[in-house]
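Chemist: Quick one: the structure is below, and I'll ask about it shortly.
Read the figures in this text as sums done on the coordinates, not as results from a lab. Please read all numbers here as calculations on a predicted model, not as lab measurements. Counting neighbours? That spans all protein chains shown, and the Cβs are built from the backbone with ideal geometry, glycine included.
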Amino acid sequence: MRKRQVVVRREEPPRSSSNSSMTVRSVRYGECQKNHAAGVGGYAVDGCREFMASGEEGTAAALTCAACGCHRNFHRREVETEVACDCSSPPSNGA
């Protein structure tokens with residue numbers, strides 16, 4: 001079974017705006033980019049394809065990958081942003 005860590009953050013619209021909109025960002029962590037051969041002047045990655053948290057959300061173990069043991073920061077971050085707008089247009093009078 002593959003685990004995925006998704007972080008959803010919602011931003012409230014400015015209070016002066018008459019339209020109500022909401023931005024939803026989902027963050028996914030892809031392949032590991034840690035260079036394991038940096039100490040000897042080379043380049044080698046471990047081949048971990050996706051971050052899988054080793055612990056529950058909110059714990060220190062949630063920041064460590066269960067597959068490769070690296071910190072989450074070594075994995076490529078993919079952010080998807082979606083804007084939902086509840087905009088209502090003024091009614092037309094048919095003229």
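Chemist: Which cross-chain or sequence-distant (5 or more) residues have an amide H under 5 Å from the amide H of GLU31, H modelled 1.01 Å from N in plane?
Modeler: Here the answer is ARG76, since their amide H atoms fall under 5 Å of that of GLU31.
Chemist: With each pseudo-label sitting 7 Å past Cα toward Cβ, what's the VAL79-ALA66 distance in nm, one decimal?
Modeler: About 2.7 nm, to one decimal.
Chemist: Once label points are set 7 Å from the Cα along Cα→Cβ at both HIS36 and ARG49, what is their separation, rounded to one decimal in nm?
Modeler: Distance between the two pseudo-spin positions: 1.7 nm.
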